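The values are calculated or read from the model by the stated rules, or taken from the named source; none is laboratory data. Values in this document were obtained by computation on a predicted structure and should not be read as measured data. Every residue, glycine as well, gets a Cβ built from its backbone with ideal geometry; the counts of neighbours run over all protein chains shown.
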Amino acid sequence: MVLKVSFSFVLIVLLSSTFSSAHPGLNWGGGGGGGGGSGGYGGDYFGLLPEFYQYSCPQANDIVMSALEKAILREPRMAASLLRLHFHDCFVQGCDASVLLDDSATIASEKRSNPNRNSIRGFEVIDEIKAKLEEECPQTVSCADILALTARGSTILSGGPDWEVPLGRRDSRTASISLSNRDIPPPNSTLQNLVNFFNRQGLDEVNLVALSGSHTIGVARCVSFRQRLYNQNEDNRPDETLERSYYYGLTSVCPRSGGDNIISPLDLRSPRKFDNSYFKLILGGKGLLNSDEVLLTGNGGRTTELVKSYAEDEGLFFNHFAKSMVKMGNISPLTGSNGEVRKNCRRIN
Ligand code: HEM
Ligand SMILES: *[C@@H]1O[C@H](CO)[C@@H](O)[C@H](O)[C@H]1NC(C)=O
């Protein structure tokens, strides 16, 4: 306890000299809402801070960005895959890099869960970034923070918004395949399901619609949207909200059976560009996943209006997206002396 108190004291002294009126909203104990941690003053909850590595590893974000640039040049889809990793990390026992752990004697890897299996990717890029960070700032930058910085970097490099990333997350010593199966929404979710999944994480409808806008980049497999093409309501009929020519195009790449892993772009207009065309496509019946479509037609009122607003106003989408990413990144982080800073993101120390 003495150690914790003196550590937090040193941290406050170090950082307070750099704070000015530019940071009026600083909230030491609170963690800024949204399902955040143990909360309150006095525990080991410090809250996250953009300046967390200012002295211990000032070059952290530069290292992330230069590795990202290369990885995305090599394979443009990587931006999308890495953005998604942060989501699948945060929704499962908080933003603690649990998603990165491989199977071991004590770990049942989340990589094997239904939403993740044959689907999430980008681990080699995270390994590369971690290796470089360990060279320059040994045992300093957590894997959970790497995921948060990587999600922002991928967004920026795809043409999307920038935001300040609160940092100081620590890495879990556990993973949960059962929570991964339970807490990540499936693509055939109804709107009410989606709202419930997000509410459970302290996220609201604005966050749901804005963050779904991530589907402006990347791809989905046939198995993730087949139900819409052939059997939307257990009736052997397609989802009638699908625009006709889009529907025919999809049936030609995604057969009734087989071909589970054939991929289609989530945003067929501009699959590599982070823009608001995802929302425009939804308005035209060309959203790929059921979970995309129901934001418009799922009788939400609020979400319908948001889809329309984002389709009209890219600036509003970017603004809400950035705020929602910060909120998602704040889901139950491990801070203070909880968890650890892994040396290798795939295994506990
Ligand atoms: C609202 C609920 C959501 C559902 C139901 C959902 C579902 C899916 C599914 C099924 C895929 C395709 C996976 C595959 O077929 O292999 C996908 C891809 C993707 N998702 Fe989501 N997602 C949701 C929210 C989010 C959020 C919040 C983010 C990020 C903040 C995100 C980012 C992405 C990205 C970037 C891809 C493309 C990945 C790639 O190309 O590798 N999604 N999502
Ligand atoms: C979603 O798909 C799963 C697995 O195929 C199925 O069991 C479930 O009934 C589907 N849910 C809806 C709402 O169609």
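Which pairs have Cβ atoms under 6 Å, sit 6 or more apart or on different chains, and link a residue in the stretch 233-247 that is in the same structural domain as LEU295 (by TED's automatic domain parsing) and β-branched (Val, Ile, Thr) to one that is modelled with pLDDT of 95 or more and more than 16 Å from ligand 2 (Cβ to nearest atom)?
So the pair list comes out as THR241/GLY285.
Go through (1) under 21 Å from LEU208 (Cα atoms); (2) touching a residue at least 24 places away in the same chain (Cβ under 8 Å); (3) in a helix (DSSP H, G or I) for ARG182 and report which single condition fails.
Unmet condition: (2).
Among the residues of the stretch 167-193, write down those that are in contact with a strand residue (DSSP E or B) (Cβ under 8 Å, 6 or more places away or on another chain) and within 10 Å of ligand 1 (Cβ to nearest atom).
Selection gives PRO187 alone.
I'd like to verify a number: residues in the stretch 189-222 that are small (Gly, Ala, Ser) and not in a helix (DSSP H, G or I), how many? Lay out the reasoning, then the answer.
Here is the first cut: in the stretch 189-222, the residues small (Gly, Ala, Ser) are 189, 202, 210, 212-214, 218, 220.
So of that shortlist, the ones also not in a helix (DSSP H, G or I) come out as 189, 202, 218, 220.
So the answer is 4.
Go through the stretch 98-123 and report how many residues are in a helix (DSSP H, G or I) and closer than 18 Å to VAL219 by Cβ.
The qualifying residues number 1.
VAL223 fails exactly one of the following numbered conditions: (1) more than 10 Å from ligand 1 (Cβ to nearest atom); (2) free of Cβ contacts under 8 Å to residues at least 40 places away in the same chain. What is the number of that condition?
(1)
Which condition does TYR310 not pass, out of (1) buried (at least 19 other Cβ atoms within 10 Å of the Cβ); (2) within 30 Å of PRO138 (Cβ to Cβ), if it passes all the others?
(2)
So which of LEU203, LEU283 is at pLDDT 95 or above, under 30 Å from SER109 (Cα atoms), of a type in the set (A, V, I, L, M) and away from ligand 2 (no atom under 16 Å from the Cβ)?
Within the list LEU203, LEU283, the selection yields LEU203.
Residues that are of a type in the set (Val, Ile, Thr), closer than 20 Å to PRO265 by Cα and in a helix (DSSP H, G or I): does the stretch 223-234 have at least one?
yes
For the condition under 24 Å from ALA80 (Cα atoms) and modelled with pLDDT of 95 or more, what is the one hit in ASP260, ASP239?
Selected residue: ASP260, the only one of ASP260, ASP239 that is under 24 Å from ALA80 (Cα atoms) and modelled with pLDDT of 95 or more.
Within the stretch 299-349, count every residue that is in a helix (DSSP H, G or I) and either of a type in the set (Lys, Arg) or free of Cβ contacts under 8 Å to residues at least 12 places away in the same chain (or both).
Adding up the residues that qualify gives 10.
Looking at the stretch 225-276, which of its residues are within 14 Å of ligand 2 (Cβ to nearest atom) and among the hydrophobic types (A, V, I, L, M, F, W, C)?
Across the stretch 225-276, the qualifying residues are PHE225, LEU229.
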